[in-house]
Amino acid sequence: DASPVLQAGRDESTNVDEAQAIQDAKEIYEAGEARWGTDEVKFLTVLCVRNRNHLLRVFQEYQKISGRDIEESIKREMSGCLEDVFLAIVKCIRNKPAFFAERLYKSMKGLGTTDSVLIRIMVARAEIDMLDIKAQFMKMYGKTLHSFIKGDTSGDYRKILLELCGGE
């Protein structure tokens, strides 16, 4: 019988179980900040199984218990790919459009473009929340996603990406 984590069964409801949220926050704290070494499985179980509203409540409670932000603790307690994954989950839970806006920005800024990331996000989010992502991109970077793509790509590739992006 696979564990809930391996089944990737996130609770899709919007319910917040107050007592459970407090318990989850305590368990995450005890699995990380409160001990030597980190019990990543406990983090994983809570972050991957609970619903968004519940997790936002857990993050608030965690702040109360530990005196620091969950992201701050993850950075202190973990490193490498594991740290990246946990931070991505938390950012995505807190604000999904901001998470994708940041990924798009990072895929295009500086020298070269990380095409695989750019394509994957533009195609995957086009029908879902592209308007929210574009608004968040503008808020975070002071430029439209459209203008950023235009300045960073060319040819048919640019045409397709701008089509997925929608107008300015």
Reachable aspartates and glutamates, given that their alpha-carbon falls under 17 Å from the alpha-carbon of Lys143 and they are not under 8 places away in the same chain | Glu102, Asp132, Asp152, Glu168
In terms of the alpha carbon gyration tensor, root eigenvalues a ≥ b ≥ c, rounded if a/c is under 1.5 and otherwise prolate when a/b exceeds b/c or oblate, segment 85-134 is oblate
Which of Met78, Cys92, Leu111 sits closest to the plus end of the dipole of the chain, meaning its Cα is farthest towards the positive end, when Lys and Arg get +1 and Asp and Glu get -1 on the C-beta?
-> Leu111
Per residue, how much accessible area does the chain show when a 1.4 Å probe rolls over the protein heavy atoms, in square angstrom?
-> 57 Å²
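Using 21 Å as the Cα-Cα cut-off, could you pick out the over-long pairs in Lys134/Lys159; Lys64/Lys139; Lys64/Lys91?
Where the Cα-Cα span goes over 21 Å, the pairs concerned are Lys64/Lys139.
Under a Cβ-only charge scheme (Lys and Arg +1, Asp and Glu -1), can you give me the dipole magnitude of segment 100-168 about the Cα centre, in debye to the nearest 20?
Details: 11 positive and 9 negative charges, 47 e Å.
For segment 100-168, the charge dipole is close to 220 debye.
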Cβ-placed point charges (K, R +1; D, E -1), dipole of the chain about Cα centre in debye, nearest 20 = 680 debye
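The values are calculated or read from the model by the stated rules, or taken from the named source; none is laboratory data. From a predicted model like this one, the values you see are computed outputs, not experimental measurements. In this analysis, Cβ positions are derived from the backbone assuming ideal geometry, glycine residues included, and neighbour counts consider all displayed protein chains. Heavy atoms of the whole protein, side chains included, go into the accessibility calculation; ligands, DNA and RNA do not. Shrake-Rupley method; radii C 1.70, N 1.55, O 1.52, S 1.80 Å.
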